[in-house]
Amino acid sequence: MSFPRCLRLALLCASTFGMSVSLAAPPHAIPALSIEEAAALATAHARDAENSYGAIESAVQQAVAAGQLPDPVLKVGLNDVPINGTDKFSLSRDSMTTRSVSVLQEFTRADKRRARTARFEAEAASADARRMLGMTNVQRNAVAAWIDRWYAEQAAVLLGHHSHPLNLAQEAANAAYRGGRGTRADVLSAQLEVQKLRDRESENQAVLDTATVNLSRWIGADATRPLGERPVLAIPDRVEQLIRTRYDGVPEVAAAQREVTLAESEVRVADEARKPDIAVELMYSQRGAAYSNLTSINVSFPLPWDRANRQDREVSARLAQATEARAKAEIIQRNTDAIVGARLAELRRNLERLRRYDDATLPLANAQAEAALTAYRANTGSLLAVAEANHRAIDTALERLALEQRTTRLWAELTFLTPLATAQTEPATKDVK
């Protein structure tokens with residue numbers, strides 16, 4: 001086969017190379033890492049800072065304690081001991097002197113104890129919602145790193161397929177120049193295209209290394225495993241369900257709603273605190289042998305004489321906090337609605353653009369490269385035009401790959417609005433005792 005024909009076949013092969021590239025099948029000994037497995041591994045590898053049960057357990061334990069009556073108070077005392085006269089410091093000769101022991105029990109109202117218990121239960125639910133949000137962010141970060149690595153590998157394959165044709169073009173330019181059929185400009189142009197490709201390969205390798213390091217931060221040693229196929233790009237089914245339920249399952253929205261519940265429970269606690277509790281004291285007093293022993297019962301309760309400036313202001317403060325929590329929750333809900341709507345619109349638009357790339361843009365770029373090659377073979381075109389057409393074909397393929405990467409990121413952001421179900425994403429409050 002003549003060298004020009006070999007060059008033609010190589011360039012044609014490169015120019016018609018689209019986005020159907022895929023990595024070689026990994027060895028059977030090392031299973032491929034799917035995007036879902038990466039999310040699950042990231043959840044399992046989450047550290048205490050990202051998956052802490054401490055705040056949840058603390059609130060649950062306090063909820064149990066808040067539902068109990070206060071401990072009784074034991075009192076021991078000496079009353080009415082004479083300090084002068086003939087009975088000085090005697091504990092038995094004066095009829096007024098008593099040795100007393102008493103038990104004081106405060107009976108906190110049941111509604112108040114229930115309000116306090118509900119408050120700590122709401123705090124536990126809020127802490128669990130924050131933990132769930134942390135788990136979701138872990139999964140999202142791992143998925144983003146997986147996507148970055150996958151597309152960096154695809155870009156490396158794409159650039160690698162164009163390396164050999166450019167080298168052949170450089171050799172052809174040198175041969176033509178030595179044979180007097182080409183110019184020095186053709187040689188320099190071919191060399192420049194090769195160097196540009198090398199620079200792109202180096203830049204892409206840096207992106208690939210960074211993506212691998214980022215993925216290892218979330219899933220550990222599994223980050224070096226070969227990656228599986230990318231997910232099918234389509235509108236996630238559960239997004240429509242989330243929209244119908246006003247994003248109740250989205251961790252950001254759920255965490256904000258739990259904060260509202262916590263603030264409202266604190267309002268109930270402050271409101272119940274305005275109602276005083278009763279304390280009952282039973283006392284037994286012993287006097288000298290010549291006198292009768294005594295028993296007493298005392299009932300006490302606070303007098304809220306300045307309720308307007310104390311208890312009522314505490315309620316007002318808690319009401320203001322609850323209003324602020326509701327406002328924040330509404331803002332988060334609106335922002336989520338706007339963000340999801342914008343991403344859905346962009347995802348639909350990008351899917352249409354990808355179809356246009358596959359149906360028209362890439363075929364046109366490939367046809368242009370083939371036409372330039374045909375003209376060069378007929379001595380009506382230059383090798384520089386062939387190199388430029390091939391360069392445009394590479395750029396078009398890389399542009400399509402970058403668009404697909406952005407589209408995959410949009411798909412992932414919508415798919416992982418709610419976390420992938422794992423053992424770590426189960427509600428923790430039901431397990432903590």
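Which percent of the accessible heavy-atom area of the chain goes to carbon and sulfur, probe 1.4 angstrom? Kindly include the intermediate steps, with their values, before the conclusion.
Working: 12740 of 23370 Å².
Carbon-and-sulfur percentage of accessible area, whole number: 54.
When mean projected area of the Cα convex hull in nm² is calculated directly from the model, which label among [x] 25.2; [y] 20.7; [z] 36.0 fits?
From the options [x] 25.2; [y] 20.7; [z] 36.0, the structure gives [z].
Remind me, relative contact order of the chain in percent, using alpha carbon pairs under 8 angstrom and six or more residues apart?
28
Can you give the net charge of the other residues whose Cβ lies under 13 Å from the Cβ of T323, counting K and R as +1 and D and E as -1?
-2
May I ask you to derive the relative contact order of the range 361-424, considering only C-alpha pairs under 8 Å and at least 6 residues apart, and to give it as an integer percent?
In percent, rounded to a whole number, it is 30.
Under a cut-off of 16 Å between alpha-carbon atoms, report the aspartates and glutamates in cross-link reach of K275, not counting same-chain residues fewer than 8 places apart.
List returned: E106, D111, E266, D306, D312, E314.
Please work out how much accessible surface I339 shows to a 1.4 Å probe, ignoring ligands, DNA and RNA, in Å² rounded to 10.
Surface accessible to solvent at I339 totals approximately 80 Å².
If the chain between V101 and D248 were fully stretched, how many nm would it gain, using 0.36 nm times the residue separation less the Cα-Cα distance?
Separation in residues times 0.36 nm, less the Cα-Cα distance, equals 47.2 nm.
Run lengths n ≥ 4 of DSSP H only: what is the helix-derived mean residue ellipticity at 222 nm for the chain, with -39500 (n - 2.57) per run over all residues, to the nearest 500? Before the final figure, lay out the partial values.
Working: 10 runs with 267 residues, N = 433.
Dividing the helical sum by the residues of the chain leaves -22000 deg cm²/dmol.
Over the range 287-428, with the other protein chains present, what is the accessible area per residue in square angstrom, probe 1.4 angstrom?
Value returned for the range 287-428: 57 Å² of accessible area per residue.
At a probe size of 1.4 Å, how large is the accessible area of R334, to the nearest 10 Å²?
So the heavy atoms of R334 present about 150 Å² to solvent.
Please give the peptides 394-402, 228-236 ranked by average Cβ packing (other Cβ atoms within 10 Å per residue), highest first, as a rough proxy for protection.
Final packing ranking: 394-402, 228-236.
How much solvent-accessible surface does V157 expose, in Å² to the nearest 10, with a 1.4 Å probe and all protein chains in place?
30
Could you compute the net charge surrounding P72? Neighbours are other residues with a C-beta less than 15 Å from the C-beta of P72; K and R count +1, D and E count -1. Could the numbers behind the result be given before it?
On the way: positive: K75; negative: D71, E106, D277, E281.
So the surrounding residues net to -3.
Need the list of aspartates and glutamates near K88 for cross-linking: C-alpha distance under 16 angstrom, and skip anything on the same chain fewer than eight residues off.
D80
Based on the mean of other beta carbon atoms within 10 Å per residue, what is the order of 84-90, 342-348, most packed first? Numbers along the way, then the final one.
On the way: 84-90: 10.4, 342-348: 15.0.
Order by mean packing, descending: 342-348, 84-90.
Just to confirm my numbers, what's the Cα centroid distance between the range 76-144 and the range 329-359 in Å?
Answer, in whole Å: 54.
Give me the percent relative contact order of the range 135-263, please, defined on Cα pairs under 8 angstrom at least 6 residues apart.
After rounding, I find 31 percent.
At 1.4 Å probe size, put L41, L192 in order of accessible surface, largest to smallest. Walk me through the intermediate numbers first.
Working: L41 35, L192 90 Å².
Largest accessible area first, the residues go L192, L41.
Between the range 310-328 and the range 235-285, what is the separation of their alpha carbon centroids in Å?
13
The values are calculated or read from the model by the stated rules, or taken from the named source; none is laboratory data. Computed from a predicted structure; not experimentally measured. Positions of Cβ are backbone-derived with ideal geometry, glycine not excepted, and every protein chain shown enters the neighbour counts. Ligands, DNA and RNA are excluded from the accessible area calculation, which covers all protein heavy atoms including side chains. Shrake-Rupley method; radii C 1.70, N 1.55, O 1.52, S 1.80 Å.
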